[in-house]
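The structure appears below as structure tokens.
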Amino acid sequence: MDRRVYRTLASEMDKSNRSISRLFKKFLEQAPQIPIKSKTQVHLLIDGTYLPNGLCLILYYDHDIRYVQLYRTSSQEKFREIYQDLKALKALGIEVYSVTCDGHKSILKAVAKVYPNAVIQRCVVHVKRQCRAYLSSKPKLQASKELLFISNQITGIKTQEQCSFWL
């Protein structure tokens, strides 16, 4: 770790650099254990976030209790790893009712294998982003402008009535 980080933390915590170094060593020797908080009718959000250092952080977030049930670092969203993670969750007794994801094929395939009865939903933010990528943020054609306007409304849907109207 960068020496400036130690110096900054040491001055803020009123500790020596060696004390800060020992604290980091203690915490980094073993990955933290994340306790499972909910086991039935879990609504999971699964998504990978790519960090600047080339790592991909994959989160398994329980929407109802607003809690990360599991996470993994990897080089990318790989079927084998997501499958293993979902199997581990299942072995812990977690009953997944639904999964919301970006539509990545590896996630869809892993969920279908481990939780075949789970409802799978595409994340509306990812739908909105993909529409913007296809149409651009400033389309020139009138039809494209109208379609972009419609797609931008998707994240504001809160009720079944609004959903029916949008559709």
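Give me the extension gain from residue 14 to residue 80: residue separation times 0.36 nm, minus the current Cα-Cα distance, reported in nm with one decimal.
Full-extension gain reported as 19.2 nm.
Take the Cα radius of gyration of the chain and divide it by 2.2 N^0.38 Å, with N its residue count; two decimals is plenty.
1.37
May I ask you to evaluate 6.51 cos²θ - 1.76 cosθ + 1.60, the Karplus curve with θ = phi - 60°, for each residue of segment 47-55 and list the ³J(HN,Hα) values in order in whole Hz, giving x for glycine and proline?
3J(HN,Hα) across segment 47-55, in whole Hz: 7, x, 10, 8, 8, x, 7, x, 7.
Pulled fully out, how much extra length does the chain show between residue 166 and residue 126, if you take 0.36 nm times their separation in residues and subtract their Cα-Cα distance?
Once the chain is fully extended between residue 166 and residue 126, it gains 12.7 nm.
Convert each backbone phi in segment 133-148 into a coupling constant with the Karplus relation 6.51 cos²θ - 1.76 cosθ + 1.60 (shift: θ = phi - 60°), then list the ³J(HN,Hα) values in order as whole Hz, x for Gly and Pro.
For segment 133-148, the Karplus curve yields 5, 6, 9, 6, 7, 9, x, 8, 6, 4, 4, 5, 4, 5, 5, 5 Hz.
With all pairs of different alpha carbon atoms counted, what Kirkwood hydrodynamic radius in Å does segment 126-166 show?
When all Cα pairs of segment 126-166 are included, the Kirkwood radius is 10.7 Å.
Could you tell me the calculated FRET efficiency between residue 136 and residue 105, based on Cβ-Cβ distance and R0 = 30 angstrom, to the nearest 0.05?
My answer for the efficiency is 0.75.
Would you mind checking segment 117-134 for residues with the amide N under 16 Å from a putative spin-label position 7 Å along Cα→C-beta of residue 98?
Within reach of a label on residue 98: 117-127.
Report the antiparallel proportion of the DSSP beta bridges in the chain as a percent, rounded to a multiple of 5.
60 percent
Could you calculate the contour length gain from residue 159 to residue 87, that is, 0.36 nm times the residue separation minus the distance between their Cα atoms, to one decimal place in nm?
Result for the pair: 22.6 nm of gain on full extension.
Amide H of residue 69: which non-local residues (sequence gap of 5 or more, or other chain) have their own amide H closer than 5 Å, using H built in the peptide plane?
Amide H neighbours of residue 69, under 5 Å, 5+ apart: 60, 61, 62.
For segment 70-132, what does the alpha-carbon gyration tensor say about shape, rounded, prolate or oblate, given a ≥ b ≥ c as the root eigenvalues, a/c under 1.5 as rounded, and a/b over b/c as prolate?
oblate
Specify which residue in the list 55, 101, 166 is farthest towards the positive end of the charge dipole of the chain, using unit charges on the beta carbon of Lys, Arg (+1) and Asp, Glu (-1), about the Cα centre.
55
Quick note: the coordinates plus some simple rules give every number you see, no bench work behind them. Values in this document were obtained by computation on a predicted structure and should not be read as measured data. Note that each Cβ is placed from the backbone with ideal geometry, even for glycine, and that neighbours are counted across all protein chains shown.
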